[in-house]
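In what follows, a single structure is set out as structure tokens and then discussed.
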Amino acid sequence: MARPAASRPTDGELAILRVLWKRGSSTVREVQEELAHQKQTGYTTVLKLMQIMAAKGLLARDEQERTHIYQAVVSEAQTQRHLVKDLLERAFGGSAEKLIVAALGKKKASKEELSQIRRIIDEFKRGGP
């Protein structure tokens with residue numbers, strides 16, 4: 001039974017999704033070659049994982065040509081929102097403040113990043129996104 005596309009992708013699935021978000025629709029070979037720049041990964045491993053992802057509803061597969069073309073069904077923003085929501089609930093008990101403090105405490109934010117964060121907070125105060 002296929003799980004909903006909104007479920008949390010594994011690390012391997014997320015690596016494949018990143019390639020597809022960057023490149024757009026791609027063959028297994030193209031994805032495998034891109035992943036090989038980061039970590040040695042075999043073609044059959046990538047193929048099997050992409051087949052599983054298609055069954056889970058994370059990828060769509062175009063089978064019209066001899067070489068199948070895959071594309072991400074879920075957007076990068078949608079996946080990021082889901083992962084942050086999951087992390088927020090599981091690790092921080094739903095506290096956005098604790099999440100932000102942990103994130104800012106882990107890596108020093110640049111002046112530009114802090115300015116952007118302030119702008120986003122101001123938008124939320126005004127009822128923005």
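The values are calculated or read from the model by the stated rules, or taken from the named source; none is laboratory data. All values reported here derive from a predicted model rather than from experimental measurement. Because the Cβ atoms are built from the backbone with ideal geometry, glycine has one as well, and the counts that use them run over all protein chains shown. Keep in mind that these areas ignore ligands, DNA and RNA; they rest on the heavy atoms of the full protein, side chains included. Shrake-Rupley method; radii C 1.70, N 1.55, O 1.52, S 1.80 Å.
Can you pull out every residue in the stretch 3-42 that is over 16 Å from the mean Cα position of the chain (by Cα), hydroxyl-bearing (Ser, Thr, Tyr) and at pLDDT 95 or above?
The answer is Ser26, Thr27.
Six or more apart or on different chains, Cβ atoms under 6 Å: show the pairs whose first residue is in the stretch 32-56 and farther than 16 Å from Leu14 by Cβ and whose second is open to solvent by 40 Å² or more (accessible area, probe 1.4 Å) and of a type in the set (A, V, I, L, M).
The qualifying pairs are Ala55/Ala2.
So, of the residues in the stretch 69-86 that are in a strand (DSSP E or B) and open to solvent by 50 Å² or more (accessible area, probe 1.4 Å), which turns out to be nearest to Ala103 (Cα to Cα)?
Taking the stretch 69-86 as the starting set, the residues that turn out to be in a strand (DSSP E or B) are 69-72.
Among the residues that remain, those that are also open to solvent by 50 Å² or more (accessible area, probe 1.4 Å) are: 69, 71.
Values: Ile69: 37, Gln71: 31 Å.
Going through the qualifying residues, I end up with Gln71.
Scan the stretch 9-68 for residues that are open to solvent by less than 40 Å² (accessible area, probe 1.4 Å), polar (S, T, N, Q) and in a helix (DSSP H, G or I) and jot them down.
Residue satisfying the conditions is Gln32 alone.
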